[in-house]
1. Can you confirm whether Val28 is touching a strand residue (DSSP E or B) at 6+ places or on another chain (Cβ under 7 Å), in a loop (DSSP other than H, G, I, E, B) and crowded, with 17+ Cβ neighbours inside 10 Å?
2. Only one of (1) part of a loop (DSSP other than H, G, I, E, B); (2) buried (at least 17 other Cβ atoms within 10 Å of the Cβ) fails for Ser86. Which number is that?
3. Looking only at the range 161-192, count how many residues are free of Cβ contacts under 8 Å to residues at least 24 places away in the same chain and part of a helix (DSSP H, G or I).
4. Can you tell me which of Arg221, Arg200 is part of a strand (DSSP E or B) and either surrounded by 13 or more Cβ atoms within 10 Å (Cβ to Cβ) or of a type in the set (Lys, Arg) (or both)?
5. Give the residue that is surrounded by the fewest Cβ atoms within 10 Å (Cβ to Cβ), with candidates limited to residues of the range 91-129 that are in contact with a strand residue (DSSP E or B) (Cβ under 7 Å, 6 or more places away or on another chain) and farther than 19 Å from Leu209 by Cβ.
6. Looking for something surrounded by fewer than 16 Cβ atoms within 10 Å (Cβ to Cβ) and over 16 Å from Arg228 (Cα atoms) - is there at least one such residue anywhere in the range 32-46?
7. Could you please find all residues in the range 68-83 being part of a loop (DSSP other than H, G, I, E, B), free of Cβ contacts under 8 Å to residues at least 40 places away in the same chain and over 12 Å from Thr129 (Cβ atoms)?
8. Taking the criterion of being farther than 26 Å from Gly85 by Cα, at pLDDT 95 or above and basic (Lys, Arg), would at least one residue in the range 187-204 satisfy it?
Amino acid sequence: MFFWRQEISPGRWAAFTDTEAGNLAQHVGDEPASVLRRRLSLEAAIGVGAGSLRFMHQTHSADAVTVERGSDGIISADAMVSADGSVPLAVMVADCVPVVITAGKDFGGASAVVHAGRQGIQAGIVQNTVNVMLSHGARELAAWIGPGICGQCYEVPEELRREVSAVVPAAWGTTRWATPSLDLPGAVLSQLAAAGVRARPVSDDASKLCTLENGSLYSHRRSSASGRFAGLVWTS
């Protein structure tokens with residue numbers, strides 16, 4: 001069920017699911033009841049209340065919003081922040097880069113999840129999320145970067161590579177077959193560093209982290225009918 005799961009600070013956990021957890025998205029043609037059952041199974045596995053894990057309607061934007069405990073309704077955004085870390089949060093991906101960010105324990109305990117795709121990275125979703133966390137008094141931020149398509153696999157037109165790299169130079173990439181690409185994980189790392197956030201990928205094995213290369217992860221580029229796996233942060 002989990003690609004990676006770890007207690008990242010006392011009582012604070014982060015995880016990234018794999019295909020064993022099943023598709024967790026409602027927008028890819030799956031049966032809604034089946035998706036709900038998988039979400040409930042996931043909540044039970046991480047020890048949070050049924051229906052408490054917050055998901056977003058992700059729009060490939062730079063919108064980061066604060067989510068309060070007990071709130072409901074559809075959240076249209078590409079990052080969610082829990083000001084005190086009490087709300088369990090989820091981000092869904094299948095090639096875009098999922099990011100979990102938390103504050104130091106002496107600075108309010110804020111947590112966040114980020115959906116960092118090509119458009120969001122270019123528009124500033126990472127910095128916007130950090131800004132929302134800082135507005136809640138969060139400091140000493142640390143981030144964990146989950147699986148996403150790697151820069152050696154994410155082939156794009158040359159014009160698009162130039163356009164994105166003009167905003168985020170670290171996004172410039174080249175595929176293994178020597179064509180233009182975008183390095184989304186590298187771009188996210190550079191943006192987190194520029195925002196003063198300590199960050200690391202959850203594996204040192206780049207091929208294991210690449211959604212296109214790792215069959216235990218969903219990849220939209222591998223199959224347009226792909227499901228979505230999730231990045232999670234919660235407090236026990």
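The values are calculated or read from the model by the stated rules, or taken from the named source; none is laboratory data. Fair warning: this is a prediction, and the values are worked out from it, not measured in the lab. Cβ: placed from backbone, ideal geometry, glycine included. Neighbour counts: every protein chain shown.
1. Against the criterion (touching a strand residue (DSSP E or B) at 6+ places or on another chain (Cβ under 7 Å), in a loop (DSSP other than H, G, I, E, B) and crowded, with 17+ Cβ neighbours inside 10 Å), Val28 does not qualify.
2. (2)
3. 7
4. Numbers: Arg221 fails: part of a strand (DSSP E or B).
When all the criteria are applied, what remains is Arg200.
5. Lys105
6. yes
7. Of everything in the range 68-83, those that are part of a loop (DSSP other than H, G, I, E, B), free of Cβ contacts under 8 Å to residues at least 40 places away in the same chain and over 12 Å from Thr129 (Cβ atoms) turn out to be Glu68, Arg69, Gly70, Ser71, Asp72, Gly73, Ile74, Ile75.
8. No, every residue in the range 187-204 fails to be farther than 26 Å from Gly85 by Cα, at pLDDT 95 or above and basic (Lys, Arg).
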